[in-house]
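See structure below.
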């Protein structure tokens with residue numbers, strides 16, 4: 001079942017996406033159809049058809065809506081097209097889902113759906129308080145005697161509730177949108193976790209150099225020029241993880257909030273001006289030059305796949321305080337006219353975000369990686385020649401929590417997780433980097449290589465007690481608890497258009 005729409009493509013030979021539309025009578029379509037956000041209305045194949053020239057070849061200038069998505073068609077597809085009768089048909093909205101299971105904001109395609117299901121646990125795992133129960137917190141909104149997630153503020157992020165936790169007044173609920181926007185993050189996560197060079201083969205203290213293609217999801221967050229840190233100059237800031245072509249994830253404490261960085265504006269503007277992101281190499285951007293490759297042939301392959309990108313925006317978790325909610329998302333500028341930012345290849349791939357809090361248990365083995373300090377005993381930061389990696393085991397949370405209580409650092413299971421191995425840890429400079437865990441592996445020891453099995457981004461490096469101190473495991477942000485926050489922030493940001501002035505033209509990306 002489909003509905004014909006009263007618009008058509010203005011020019012079938014144009015390769016622009018989203019395409020320019022017009023009414024059948026020749027008048028211009030509303031401006032909203034020409035904005036970048038309009039690409040969410042189209043079936044994912046439409047962009048491919050336009051770029052490949054199939055629209056022009058088959059005169060696919062008419063639009064029909066199937067299951068809430070725009071698709072292109074030529075007049076020859078249905079014999080009973082009756083174009084004249086369609087000239088004034090208004091675009092019909094559809095009911096995009098069931099209010100017992102999802103919510104939907106009013107949009108061009110869908111009617112509003114108000115969630116009325118029985119979910120009563122938040123994204124972070126807090127139990128919802130009854131709306132009329134003010135024994136823990138005062139409630140500005142009193143829906144009823146139930147404790148189900150609702151959206152009395154009509155917030156675009158969906159349902160929420162007051163909690164029974166004295167320290168957290170309210171939290172979002174993991175209620176899905178009925179019709180999820182199709183964006184590059186969701187598409188890339190559907191095909192994540194590949195390691196093309198490792199399919200057939202299982203600040204790092206106590207680690208080893210990463211092998212080619214072993215950590216294809218690693219990103220390096222650096223400054224555009226070296227700055228003075230602890231008496232020495234360096235451009236290195238933090239590690240990060242590729243989660244899609246145009247997004248990486250790192251720690252919130254990696255983002256400066258000083259005026260020299262923000263320039264009296266915001267961290268997003270500061271990121272645009274100061275940050276660069278390097279991917280596709282185990283080395284540094286200074287090694288991706290002809291002179292460096294001539295001197296060291298081992299850097300040749302990494303130099304070929306090296307990519308440096310500019311930062312479009314920085315999103316720090318709204319509840320980041322001290323060691324809590326220590327996450328930040330970084331949006332990149334496209335490097336290609338089709339909207340792609342990072343180009344995926346054998347040495348560059350997105351990590352799979354772990355969305356299941358129960359997938360990994362204490363004792364499961366994970367990999368850490370980064371360019372951080374390799375010798376804490378030596379003064380200053382001893383950055384390694386190339387990317388380091390090591391293996392650690394997830395630590396029982398209560399054990400880790402008890403250890404940190406003795407130094408007055410108070411961990412919460414919903415906000416923190418721990419991992420360690422004897423003599424192995426992340427250190428200064430590794431912050432924001434990945435903790436990637438594997439379920440099916442024969443890897444044993446702290447320096448073995450994970451082979452084949454898909455890995456999941458389970459944690460983001462946050463903090464610790466010095467580096468590799470025996471009684472204090474490294475502390476990470478448990479990514480599964482924040483998946484809904486990640487997804488919603490990326491949806492709100494939208495996809496940014498290509499701008500040739502924001503494409504790096506050399507390894508330094510000046």
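Could you please let me know if residue 333 is within 30 Å of residue 52 (Cβ to Cβ) and surrounded by 18 or more Cβ atoms within 10 Å (Cβ to Cβ)? Don't jump to the end; show me each part of the working.
Numbers: within 30 Å of residue 52 (Cβ to Cβ): yes; surrounded by 18 or more Cβ atoms within 10 Å (Cβ to Cβ): yes.
Yes: the conditions hold for residue 333.
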Considering only residues that are within 15 Å of residue 385 (Cα to Cα) and surrounded by fewer than 17 Cβ atoms within 10 Å (Cβ to Cβ), look in region 284-299 and name the one that is modelled with the lowest pLDDT. 297
Only residues that are assigned to a strand (DSSP E or B) and either farther than 19 Å from residue 193 by Cα or not assigned by TED's automatic domain parsing to the domain that holds residue 332 (or both): list them for region 462-506, please. 462, 463, 474, 475, 476, 477
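Residue by residue, here is whether (1) assigned to a helix (DSSP H, G or I); (2) within 28 Å of the chain's Cα centre (by Cα); (3) surrounded by fewer than 16 Cβ atoms within 10 Å (Cβ to Cβ); (4) at pLDDT 85 or above holds:
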site	(1), (2), (3), (4)
368	no, yes, no, yes
391	no, yes, no, yes
402	yes, no, yes, yes
411	no, yes, no, yes
418	no, yes, no, yes
427	no, yes, no, no
436	no, yes, no, yes
440	no, yes, yes, no
When residue 250 is evaluated against the numbered criteria (1) closer than 23 Å to residue 488 by Cβ; (2) in contact with a helix residue (DSSP H, G or I) (Cβ under 9 Å, 6 or more places away or on another chain), which criterion, by number, is the only one it fails? (2)
Hey, among the residues in region 154-164 that are touching a strand residue (DSSP E or B) at 6+ places or on another chain (Cβ under 8 Å) and assigned to a loop (DSSP other than H, G, I, E, B), which one's surrounded by the most Cβ atoms within 10 Å (Cβ to Cβ)? 159
Hey, among 304, 343, 353, which residue is surrounded by fewer than 22 Cβ atoms within 10 Å (Cβ to Cβ) and in contact with a strand residue (DSSP E or B) (Cβ under 8 Å, 6 or more places away or on another chain)? 343
Considering only region 216-245, state which residues are outside any strand (DSSP E or B) and in contact with a helix residue (DSSP H, G or I) (Cβ under 6 Å, 6 or more places away or on another chain). 245
Within region 304-340, how many residues are modelled with pLDDT of 95 or more and either within 13 Å of the chain's Cα centre (by Cα) or on the phi > 0 side of the Ramachandran plot (or both)? 12
Just to be sure, is residue 123 at pLDDT 75 or above, in contact with a helix residue (DSSP H, G or I) (Cβ under 6 Å, 6 or more places away or on another chain) and not assigned by TED's automatic domain parsing to the domain that holds residue 355? yes
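The values are calculated or read from the model by the stated rules, or taken from the named source; none is laboratory data. This structure is a prediction, so every number in the text was calculated from the model and none was measured. With ideal geometry, Cβ positions are generated from the backbone for all residues, glycine too; neighbour counts draw on all protein chains shown.
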